[in-house]
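Beneath this line is the structure, given in structure tokens, with notes to follow.
Please treat every number below as a calculation from the coordinates, not as lab data. Quick caveat, the model's predicted, so the values are computed rather than measured. Glycine also receives a Cβ, built like all others from the backbone with ideal geometry; neighbour counts cover every protein chain displayed.
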Amino acid sequence: MKKRVFSGIKPTGDIHIGNYLGANRHWAAMQDDYDNIFCVVDLHAITEPQDPALLKGRIREFAGLLMAIGIDPERSILFVQSHVHEHSELAWILNCFIPMGWMYRMTQFKEKAEQQREQVSVGLFDYPSLMAADILLYRTDVVPVGEDQKQHVELTRDVAQRFNNIYGETFVLPEPLIPDVGARIMGLDDPTKKMSGSEEGAGHAINLLDSPDMIRSKIMKATTDSKRDILFDESRPGIFNLLSIYQTFTGEDNKQIESRFEGKGYSDFKKALAEVAIEGLRPLQERYKELTGEPGRIDSILAKGAEKARPLAEKMLAEVQKKVGLG
Ligand code: AQP
């Protein structure tokens, strides 16, 4: 039996190369080795204010982009979180087993709460419980994520362990799977901050559907430093981040890349990086165009995905409800 993979993406902002290089392309690459479930997590999206029409459009756009990246609905289950109501129900039950202290330690909440201040919702605070439900519903062994989500997967393990200790073996304890390179792509405008879909600056992120000109312009304006050498030096976050992006697109090692750009300046390197990113994204942009050219295709794939996910989720939730004494 293959191990089960589950992972999700939140349909907010645009899918950027941080999502792609840190998570989504690995999902596509590992499809034959695992039994896969991928989810567009729209319930997570509404933890922050959303325009309803935009959100609805993005759910389809994100699903389409995942298919364009290579998620194959014949080999993997691809569905929308809110189409399977068991996610919210299990999240509620898990809420009752997660001590507040664990949640207060979540760094993503602390960072977002600081930005949003009094607007911050209970839903945002509770995000990790819903994510734990997403993962635990499907007896997930492996959760491929970027580094920013590691703490949430650890909380998932902790609550699963706690529940199992009380009620006996119920949940599988999942392991995070974090790539060696690309696990934390930083913003182009500020390489000390994670590249993030909710950052608004025009030069912050390269989005998967950006045109070649947009990609060139964003990379040429990316923040670096006043030095010259093109080296993987972590104390120079700007150039280090750009080199990491180059490396994840090309698969070359540090030495190969450093020697290719020896004696060259930042401008030459940035031009080369822009071309690598444009070529790296071109095939998926073309596939996306084809997919969206067929009206109804994405909706029908998502409906079939939910049909496949639902029985698995129902079975797990029923077991949990019985153990807790509900109903
Ligand atoms: N900068 C990043 N580098 C590497 N991996 C990243 N991921 C996100 N940003 C980076 C990984 O992408 C997957 C899907 O992420 P998500 O959209 O569900 O949630 P997120 O981590 O909250 O992404 P954003 O863009 O930062 O969204 P906002 O700003 O709206 O919160 C995850 O596996 C994540 O690790």
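State, as an integer percentage, the relative contact order of the chain based on alpha-carbon contacts under 8 Å between residues 6 or more apart.
Over the chain, the number comes to 23 percent.
Over segment 182-292, one equal point on each Cα, no solvent: what is log10 I(q)/I(0) by the Debye formula at q = 0.13, 0.23 Å⁻¹?
With no solvent term, the Cα-only Debye profile gives -0.47, -1.40.
Calculated FRET efficiency, residue 46 and residue 228, Cβ-Cβ r, R0 51 Å, to nearest 0.05? List each step's numbers first, then the result.
Numbers: r = 47 Å, r/R0 = 0.92.
Here the calculated transfer efficiency is 0.60.
Apply the membrane-span-like helix rule to the chain: whole DSSP H runs, Cα extent along the own long axis of at least 15 Å, mean Kyte-Doolittle hydropathy at least -0.5. List the helices found. Walk me through the numbers on the way to the answer.
Values: long enough: 52-69 (25 Å, 0.86); 122-136 (21 Å, 1.15); 150-167 (26 Å, -0.99); 237-250 (19 Å, 0.69); 266-292 (37 Å, -0.58); 297-324 (40 Å, -0.33).
Helix filter hits for the chain: 52-69, 122-136, 237-250, 297-324.
Could you list log10 I(q)/I(0) for segment 1-138 at q = 0.15, 0.19, 0.20, 0.22 Å⁻¹, which the Debye formula gives when each Cα is one point scatterer?
Cα-only, vacuum Debye calculation for segment 1-138: -0.80, -1.22, -1.31, -1.45.
FRET efficiency for residue 300 and residue 180, Cβ-Cβ distance as r, R0 = 25 Å, nearest 0.05?
According to the calculation, E is roughly 0.10.
Under a crude label model (7 Å from the Cα following the beta-carbon direction), how far is residue 151 from residue 200 in nanometres?
For the pair residue 151/residue 200, the computed spacing is 2.5 nm.
Along the three principal axes, how long is segment 221-285 when you take its alpha carbons, biggest first, rounded to the nearest angstrom?
Extents along the principal axes, in whole Å: 35, 25, 20.
Using only the alpha carbons of the chain, what is the convex hull's orientation-averaged projected area in square nanometres?
Taking the Cα atoms of the chain, their convex hull projects to 17.7 nm² on average.
Roughly how many Å is it from the Cα centre of segment 207-252 to that of segment 116-150, as a whole number?
First find each Cα centre; the distance between them is then 29 Å.
Which FRET efficiency value, to the nearest 0.05, is calculated for residue 217 and residue 105 with the Förster distance at 35 angstrom and r the Cβ-Cβ distance?
After rounding to 0.05, the efficiency reads 0.30.
Which links in 2/289; 194/221; 10/304; 10/112; 193/227; 193/264 stretch past 23 Å when you go from one Cα to the other? Let's see the in-between values first.
Details: 2/289 33 Å; 194/221 17 Å; 10/304 20 Å; 10/112 15 Å; 193/227 21 Å; 193/264 27 Å.
In this structure, 2/289; 193/264 exceed 23 Å between Cα atoms.
In nm, give the distance between the simple-model label positions of residue 193 and residue 119, each being 7 Å from the Cα along the Cα-to-Cβ direction.
So the two model labels end up 1.4 nm from each other.
Given 0.36 nm per residue, what is the gain on full extension from residue 209 to residue 254 after removing their alpha carbon distance, in nm?
13.4 nm
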